């Protein structure tokens with residue numbers, strides 16, 4: 001039998017090369033190829049000569065069945081259950097990724113303790129990165145040391161399967177982390193592509209065979225993506241990202257893949273000295289530092305450059321404040337600093353304001369921030385960003401009791417967005433009195449209407465209407481003839 005030849009696998013994309021090179025030809029990553037020695041060569045053909053080679057024929061069944069699936073298990077943490085689609089599905093696999101120190105281990109230890117304490121099932125926490133005493137110290141700090149959670153420190157997948165492959169296996173198992181696990185049938189080091197893929201495949205197969213929920217903690221790269229082969233995200237049922245800024249106490253748990261629920265669903269937590277505390281009303285939390293309308297008049301009025309955006313994260317409406325600062329540029333190339341939004345979309349809105357509305361926004365330095373550390377990805381925030389930019393440029397504050405949402409096209413037209421009624425209902429619940437929204441099919445631009453919640457809607461059909469509302473004649477002067485731009489008087 002021929003000796004298996006060594007091969008080199010890329011730790012970023014999983015591509016295989018016959019010899020070591022400094023740069024992966026598939027993804028372009030440098031110094032990412034690691035030597036791996038396969039145990040045996042795969043068979044050339046399983047159906048050679050028309051035989052099944054010992055295989056068993058498959059029994060196909062109908063698409064409709066009579067058996068009902070087992071009920072979901074609730075962890076006791078409502079925000080985590082919401083992101084997972086209403087609870088944990090038995091036999092499913094969840095992959096949780098996030099930056100170091102963001103709170104992944106804390107959240108999963110709290111979830112395991114809450115599930116075990118409520119009688120929802122037995123829970124086990126297996127760590128390959130920390131010692132047992134370190135986990136116990138964290139449990140004491142979180143106040144969950146009395147919960148009946150089984151702890152173990154192991155890295156061998158063979159030992160873990162031997163402990164879990166039994167009739168009385170735990171109902172909830174946490175593996176922290178998948179990059180530290182290894183299979184003794186592979187010669188590569190833990191954390192390599194083949195080890196991560198092989199260990200995850202063994203654990204997923206055991207979870208589906210025994211019917212327990214397994215949660216895999218995954219490391220992330222410097223780009224913020226889960227480290228290891230991309231096939232790992234295809235193998236699991238749910239992929240969750242734990243996000244947050246180090247300077248904020250808020251943490252966002254976001255679902256980017258879920259076979260049993262809605263994607264792009266979020267759960268909001270607040271980091272405290274007692275661990276992660278769930279936030280049932282994120283809108284009130286993100287707007288906690290915002291000045292109330294009555295207090296704004298006593299303090300001399302609101303600051304220009306801020307607008308409240310009514311967004312949708314999954315199935316939940318969330319209100320956040322968009323802050324913008326437009327300053328004269330001292331360099332030949334204006335500076336752009338964006339936190340919590342897409343910088344490419346900001347460039348597009350700036351170009352539309354310059355070209356379609358005659359403003360001189362692009363020639364200035366622009367600083368844009370989404371308050372609270374939340375990252376917004378939906379295009380419905382275009383109108384709120386434009387309102388903050390125009391407000392900062394003209395020094396005209398957006399009314400404090402007004403929410404803004406709408407998508408902007410390249411022609412300057414404001415396009416309707418989905419779930420408008422849900423956004424308006426959330427704004428009315430938080431005490432807002434007015435909403436600047438896209439024109440609905442049955443409404444006309446500029447005509448105010450009352451909703452059932454007492455909220456006044458002012459439809460906007462074109463971006464120039466927004467500029468006119470935030471550009472009083474006393475604060476405007478036109479640029480020299482032929483310039484085609486509107487500058488703001490100092």
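Just so it is clear, none of the values below were taken in a lab; they were calculated from the coordinates. In this text the structure is predicted, and so the values were computed from the model without any measurement. With ideal geometry, Cβ positions are generated from the backbone for all residues, glycine too; neighbour counts draw on all protein chains shown.
Some values worked out for this structure:
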quantity	calculated
Acute angle (nearest 10 degrees) that the helix 343-357 long axis makes with the longest principal axis of the chain, alpha-carbon atoms	20
Alpha carbon centroid spacing (whole Å) that separates the range 319-344 from the range 353-371	8
Modelled FRET efficiency - R0 30 Å, residue 425 with residue 118, Cβ distances, 0.05 increments	0.40
Contact order normalised by residue count of the range 171-241, Cα under 8 Å, 6+ apart, percent	36
Spatial separation of Cα centroids for the range 409-423 and the range 198-269, in angstrom	32
Overall dimensions of the range 320-414 as given by Cα atoms, namely Rg and Dmax in Å	12.5, 38
Globularity index of the range 78-280, i.e. its alpha-carbon radius of gyration over 2.2 N^0.38 Å	0.95
Three semi-axes of the equivalent ellipsoid, the chain, Cα gyration tensor, whole Å, largest first	50, 28, 22
Compactness of the range 222-288 as Cα Rg over 2.2 N^0.38 Å, two decimals	1.28
Per-selection Rg to Rh, the range 368-460 - Cα, Kirkwood hydrodynamic radius	0.94
Angle in degrees between helix 104-117 and the longest Cα principal axis of the chain, rounded to the nearest 10	70
Normalised contact order of the chain, rounded percent, pairs of Cα under 8 Å and 6 or more residues apart	11
Bridge type composition, the range 78-280 - antiparallel percent by DSSP, nearest 5	40
Where N is the number of residues in the range 50-146, Cα Rg divided by 2.2 N^0.38 Å	1.54
Mean ellipticity per residue at 222 nm, deg cm²/dmol - from DSSP H runs of n ≥ 4 across the chain, formula -39500 (n - 2.57)	-7000 deg cm²/dmol
Beta bridges by DSSP in the chain, antiparallel share as percent, to the nearest 5	55
Acute angle (nearest 10 degrees) that the helix 382-394 long axis makes with the longest principal axis of the chain, alpha-carbon atoms	40
